[in-house]
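K.L.:
I have a structure here, written as structure tokens, and I will follow up with some questions on it.
The values are calculated or read from the model by the stated rules, or taken from the named source; none is laboratory data. On a predicted model such as this, the values are computed, not experimentally measured, just so you know. Positions of Cβ are backbone-derived with ideal geometry, glycine not excepted, and every protein chain shown enters the neighbour counts. Just so you know, the surface numbers come from the protein's heavy atoms only, side chains and all, with ligands and any DNA or RNA stripped out. Shrake-Rupley method; radii C 1.70, N 1.55, O 1.52, S 1.80 Å.
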Amino acid sequence: MISGTIDTIRIKATKELNQSKRAELGQFLTPSVIAKFMAGLFKKDYNTPIHLLDAGAGVGSLTAAFLDRKLNGWNANHDIQITAYEIDAILLPYLRKNISEYKSLLSKENCVLKESLLNLDFIVDAVLKIEKECPPVFTHAILNPPYKKINSSSQHRFLLSSIGFETVNLYTAFVALSLMQLKDNGELVAIIPRSFCNGNYYKSFRKLITQNAAIKHIHLFESRTQAFKDDDVLQENIIIHLIKGAPQGKVIVSRSTNESLNDFTENSYPYEQIVKPDDSEAFIHIPNLKENLIENSDAITYTLADLGVEVSTGPVVDFRVKEHLFMEPENGTIPLLYPNHFNGKELDWPKQSKKPNAIALNLDTQKMFYPSGFYTLVRRFSSKEEKQRVVARVVNPEMLKSKFIGIENHLNVFHSAKKGISEDLAYGIAAYLNSSFVDIHFRSFSGHTQVNATDLRQMKYPSKNELSKLGKWAKKFKTFDQVKIDEQLMKIL
Ligand SMILES: C[S@@+](CC[C@H](N)C(=O)[O-])C[C@H]1O[C@@H](n2cnc3c(N)ncnc32)[C@H](O)[C@@H]1O
């Protein structure tokens, strides 16, 4: 019904919100097209009574889309109960009015709608219910939860810990608590940031999902700015559809670049391609539209341990060792390498810039340094605009002419037991990492621009022999030319 008008209500209510509290409460209300898509993901036939949870309901856009399905002939034969939580009293009158309109529309279809609209903190109330071991009551949950970091000393963190769930963001808390309160075979559809798909902070959340539910569908908004265009939210969002306790089958992955979903595409993938069976981190890989050749290659199956190589974050945190830094190399100092030294396929050092070039070698600092040798370095941070996420270069000891080198914390370093690796392997790893295949593969499991040592550690590599051959070949060129590297890699993929 009111999908046209609900957008007007949403925009009007958003203007009335206390703008300084908006970020704190994560108040970005869902446009009706997205809400309709989300509600459309629930199973078509439903023959037992429905109890829907809408946690952080705003003006009720998601519940409205859910009820629209019933009005539009959804084959669900029972009455509907709704429990909606909304902490902000400003939004409650809008929510009440919307639901009461649906109540009268549904009554004309002989469907009784019972609602419980709660001006409560969802986390507090849900934890209370879980602690009291109240049996799960919900058959469906639809949510666009607030996205906000949970402070380590906050009441939310304390409450979540009390039920054994550690998490760092409100959105993962909302989804986890909703899942816990779903009945078996209950369905959950949520629009959330993609950041939980990898990274150590979200491991327990990923485990909770993968151990308790089947992932049926993931929709990826490929452009960062589009899902909440009116609100200018810079997040890469996904919509996820889970079924509690159901056997895991294939996963549908759909994609679109905008909120009108007019360029929608979808494919289905074996679950093992989304969550690797032997991955203790339970990373969630969302295959990129461009074919992920690495994923499917029999030649790229080696771990760093197989190569006898490790990767670590650069140990020199410059602001902690300020007194030891030097803008120019001097007697008693060694090279300190930053991302801004990246040049060609190696480094340009020393370099005129705002960053230091050297660090004192003394008893306080020495333990942070690597001995002279060949190493592959990877930048940890890139900007959203940059074409490539993974950018690698080689430390060539001939250029630095120093017994030790310092590697700053904005870099990752490939080494072997804290020593250098063979020259060919260093160039080979760098060439491989600079390929577009790695870029596509990396984007399939990482939603952010950061490249962490854990990400590089869990990736697969060609064999040591193939990497060394690639390195020997790559050394001949002035730069790592992605097109040439791709052509070379295609021979082994
Ligand atoms: C991202 S908005 C989405 C609103 C609505 N679900 C929609 O899709 O339009 C999140 C909502 O959660 C509410 N909220 C934030 N923290 C909450 C909490 N602890 N308990 C209940 N609601 C909360 C906010 O006021 C906001 O309305």
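K.L.:
For the range 12-156, what are the per-bin percents of Cα-Cα distances with bins 10 Å wide, up to the bin holding the maximum?
P.N.:
Whole-percent P(r) values from 0 Å outward: 11, 40, 34, 13, 2.
K.L.:
Give the ranking of His78, His341 by solvent-accessible surface, highest area first, calculated with a 1.4 Å probe.
P.N.:
Values: His78 65, His341 0 Å².
Result of the area sort, largest leading: His78, His341.
K.L.:
Could the peptides 477-488, 251-262, 185-196 be put in order, highest first, of the mean number of other beta-carbon atoms found within 10 Å of their residues? Mind showing how you got there, number by number?
P.N.:
Values: 477-488: 15.2, 251-262: 17.8, 185-196: 22.0.
Top to bottom by mean Cβ count within 10 Å: 185-196, 251-262, 477-488.
K.L.:
Enumerate the lysines that Lys472 could reach by cross-link, defined here as Cα to Cα under 29 Å, with residues fewer than 8 away along the same chain left out.
P.N.:
Reachable lysines: Lys290, Lys345, Lys351, Lys387, Lys401, Lys403, Lys418, Lys419, Lys460, Lys464, Lys484, Lys491.
K.L.:
Could you tell me which of Ile284, Leu337, Ala299 has its Cα farthest along the dipole of the range 253-390 towards the positive end, charges placed at Cβ (Lys, Arg +1; Asp, Glu -1), taken about the Cα centre?
P.N.:
Farthest along the dipole direction, towards plus: Leu337.
K.L.:
Next up: Using a 1.4 Å probe on the protein heavy atoms only, what accessible surface does Val124 show? Give it in Å² to the nearest 10.
P.N.:
50
K.L.:
Follow-up question, since we're still on this one. Could you provide, to the nearest whole Å², the per residue accessible area of the chain with probe 1.4 Å? Mind dumping the intermediate values first?
P.N.:
Values: 21470 Å² over 493 residues.
Each residue of the chain exposes 44 Å² on average to a 1.4 Å probe.
K.L.:
Placing unit charges on C-beta atoms (Lys and Arg positive, Asp and Glu negative, everything else neutral), compute the dipole magnitude of the range 337-493 about its Cα centre in debye, rounded to 20.
P.N.:
Dipole magnitude for the range 337-493 comes out near 140 debye.
K.L.:
Restricting things to alpha carbons, tell me how big the range 48-119 is in terms of Rg and Dmax, in Å.
P.N.:
In Å, with Rg to one decimal and Dmax whole: 11.5, 35.
K.L.:
Calculate how many DSSP beta bridges within the range 5-287 are antiparallel, expressed in % of all such bridges and rounded to the nearest 5. Intermediate results must be reported in sequence, preceding the final value.
P.N.:
Values: 20 of 45 bridges.
Percentage antiparallel, nearest 5: 45.
K.L.:
Rounded to a whole number of µm²/s, how large is the Stokes-Einstein D of the range 304-490 at 37 °C and 0.692 mPa s, given Rh as the Kirkwood radius over C-alpha pairs?
P.N.:
On the way: Rh = 16.6 Å.
The estimated diffusion coefficient comes to 198 µm²/s.
K.L.:
How are the C-alpha pair distances of the chain spread across 20 Å bins, as whole percents from the shortest bin up?
P.N.:
22, 46, 26, 6, 0
K.L.:
Please identify every one of the GluC sites (Glu not before Pro) in the range 341-440 that sits in a loop by DSSP and has no more than 15 other beta carbons within 10 Å of its own beta carbon. Kindly include the intermediate steps, with their values, before the conclusion.
P.N.:
Working: sites: Glu346, Glu385, Glu386, Glu398, Glu408, Glu423; in loops: Glu385, Glu386.
Sparse-neighbourhood loop GluC sites (Glu not before Pro): Glu385, Glu386.
K.L.:
Given the chain, what percent of its DSSP beta bridges are antiparallel, to the nearest 5?
P.N.:
Values: 44 of 72 bridges.
DSSP beta bridges in the chain are roughly 60 percent antiparallel.
K.L.:
Run the accessible area of the chain with a 1.4 Å probe and give the carbon-and-sulfur part as a rounded percent.
P.N.:
On the way: 11100 of 21470 Å².
The nonpolar share, carbon plus sulfur, comes to 52 percent.
K.L.:
Let me have the 222 nm mean residue ellipticity of the chain computed from DSSP H runs of 4+ only, each contributing -39500 (n - 2.57), with the sum over all residues rounded to the nearest 500.
P.N.:
Working: 18 runs with 159 residues, N = 493.
It comes out at -9000 deg cm²/dmol, rounded to the nearest 500.
K.L.:
Another question about this same structure. Can you give me the Rg/Rh ratio for the range 5-287, using Cα atoms for both radii and the Kirkwood formula for Rh? Walk me through the intermediate numbers first.
P.N.:
Working: Rg = 17.8 Å, Rh = 19.1 Å.
Rg/Rh for the range 5-287 comes to 0.93.
K.L.:
Next question, about the same structure. How much solvent-accessible surface does Arg380 expose, in Å² to the nearest 10, with a 1.4 Å probe and all protein chains in place?
P.N.:
For Arg380, the solvent-accessible surface is approximately 30 Å².
K.L.:
Please get the size of the charge dipole for the chain, origin at its Cα centre, with Cβ charges of +1 on Lys and Arg and -1 on Asp and Glu, quoted in debye to the nearest 20.
P.N.:
Details: 61 positive and 55 negative charges, 88 e Å.
Taking the Cα centre of the chain as origin, the dipole is about 420 debye.
K.L.:
Could you tell me the largest-minus-smallest coordinate of the C-alpha atoms of the range 121-267 on each of the three principal axes, in descending order and whole angstroms?
P.N.:
46, 35, 26
K.L.:
Another question, if that's okay. Dipole of the chain (Lys/Arg Cβ +1, Asp/Glu Cβ -1, origin at the Cα centre): which of Tyr432, Phe404, Phe480 lies farthest to the positive side?
P.N.:
Phe404
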